[in-house]
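Below is one structure, written out as structure tokens, with a few remarks after it.
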């Protein structure tokens, strides 16, 4: 069974009462309130916030864990340091080597399924990925748990304690079926089908009156992970897109090329496949073409199934 948390709840719940994720320690900051530097700050899809280890506890041996639903764990994504800015990134200690453990919670007693050691590069403010053997977790009652333990760190310039901006557990994906176009694009060219934008038929083409589009999709029952854009041959191609899920908006620039391009949806609780409900899409502009914006299909991938 999937548990849904609001973003406000994710960041506001005290560490001792948190369900689904926990850390060995966190920086206590009276000015910002309890939990500001807690583990939830590494699961909110925002570089402006981060999990910080209590400097009095030490970095080596610190850990953070995240519960996931029944699925297959594929890889781990980490944004090292406090990636709010280049200066903040260098100020705090950053992850060097870690041990990743994957547990099957089963009936409530964690059973170890995988232990994997990895090293991250220093100086990279974007996502770094730790590839893992696909590991199945969970059953009818509970899912699994992924735990990251810090072995070594790169020292910070001004502060000794470790910072981690984002932690994302990637679950193995599969096609989301029964996609529903909730809100079709209003600026559909005369004589063109507004529903063609997501009819799962690559031969039908949606065409706009200009190089923009706004629409919303859903796939009931699925925890969605990525959205794919397939531009139509001979038409202007999508360039900058805004995608909103779980009240979180991300912006992404697609490449100017033919073929399907995938964009990761915002995650709600630190794992892919945690985007539920309606997915809103705004294509802000497009690469110039001989004809206005044209899309052969928009697709969705999932990583979890909501069995509620």
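With 84, 121, 90 as the choices, which residue is surrounded by fewer than 20 Cβ atoms within 10 Å (Cβ to Cβ), closer than 25 Å to residue 248 by Cβ and over 17 Å from the mean Cα position of the chain (by Cα)?
Values: 121 fails: closer than 25 Å to residue 248 by Cβ; 90 fails: closer than 25 Å to residue 248 by Cβ.
When all the criteria are applied, what remains is 84.
Residue 302 - would you say it is assigned to a helix (DSSP H, G or I) and surrounded by 17 or more Cβ atoms within 10 Å (Cβ to Cβ)?
Working: assigned to a helix (DSSP H, G or I): no; surrounded by 17 or more Cβ atoms within 10 Å (Cβ to Cβ): yes.
No, not satisfied.
Of all residues in region 1-32, which are at pLDDT 70 or above and out of contact with any strand residue (DSSP E or B) (no Cβ under 7 Å at 6 or more places or on another chain)? Even if it seems obvious, please write down each step before you answer.
Here is the first cut: in region 1-32, the ones at pLDDT 70 or above are 20-29, 31-32.
Correct list: 25, 28, 29, 31, 32.
From the list 213, 176, which residue is at pLDDT below 95, in contact with a strand residue (DSSP E or B) (Cβ under 6 Å, 6 or more places away or on another chain) and crowded, with 21+ Cβ neighbours inside 10 Å?
Values: 213 fails: at pLDDT below 95.
Unique residue meeting the criteria: 176.
Output yes when any residue across region 249-269 is on the phi < 0 side of the Ramachandran plot, surrounded by fewer than 19 Cβ atoms within 10 Å (Cβ to Cβ) and touching a residue at least 40 places away in the same chain (Cβ under 8 Å), and no when none is. Walk me through how you get there before you give the answer.
Here is the first cut: in region 249-269, the residues on the phi < 0 side of the Ramachandran plot are 249-258, 260-269.
Then drop every residue that is not surrounded by fewer than 19 Cβ atoms within 10 Å (Cβ to Cβ), which leaves 249-258, 260-263.
Of the ones still in play, those that are also touching a residue at least 40 places away in the same chain (Cβ under 8 Å) are 250.
Within region 249-269 (the criterion being on the phi < 0 side of the Ramachandran plot, surrounded by fewer than 19 Cβ atoms within 10 Å (Cβ to Cβ) and touching a residue at least 40 places away in the same chain (Cβ under 8 Å)), the answer is yes, since at least one residue qualifies.
Please enumerate the residues belonging to region 106-151 that are touching a strand residue (DSSP E or B) at 6+ places or on another chain (Cβ under 6 Å) and in a loop (DSSP other than H, G, I, E, B).
Selection gives 110, 120, 122, 138, 143.
Evaluate region 56-73: report whether one residue or more is at pLDDT below 90 and not assigned by TED's automatic domain parsing to the domain that holds residue 273. Don't jump to the end; show me each part of the working.
Of region 56-73, the ones at pLDDT below 90 are none.
No, region 56-73 contains no residue that is at pLDDT below 90 and not assigned by TED's automatic domain parsing to the domain that holds residue 273.
Which ones in region 270-282 are surrounded by fewer than 24 Cβ atoms within 10 Å (Cβ to Cβ) and on the phi < 0 side of the Ramachandran plot?
Going through region 270-282, the residues surrounded by fewer than 24 Cβ atoms within 10 Å (Cβ to Cβ) turn out to be 276-282.
276, 278, 279, 280, 281, 282, listed by residue number.
Limited to region 47-87, what total is found for residues that are free of Cβ contacts under 8 Å to residues at least 60 places away in the same chain and within 20 Å of residue 127 (Cα to Cα)? Step through it out loud before you land on a result.
The initial filter retains those residues of region 47-87 that are free of Cβ contacts under 8 Å to residues at least 60 places away in the same chain, namely 48, 56-58, 85-87.
When the remaining residues are screened for being within 20 Å of residue 127 (Cα to Cα), the result is 48, 85-87.
The total comes to 4.
Taking the conditions exactly as written (surrounded by fewer than 16 Cβ atoms within 10 Å (Cβ to Cβ) and under 22 Å from the mean Cα position of the chain (by Cα)), does residue 136 satisfy them or not?
Numbers: surrounded by fewer than 16 Cβ atoms within 10 Å (Cβ to Cβ): yes; under 22 Å from the mean Cα position of the chain (by Cα): yes.
In short, yes.
The values are calculated or read from the model by the stated rules, or taken from the named source; none is laboratory data. Everything numeric in this text was worked out from a predicted model, so none of it was measured. Virtual Cβ from ideal backbone geometry, glycine too; neighbours counted across all protein chains shown.
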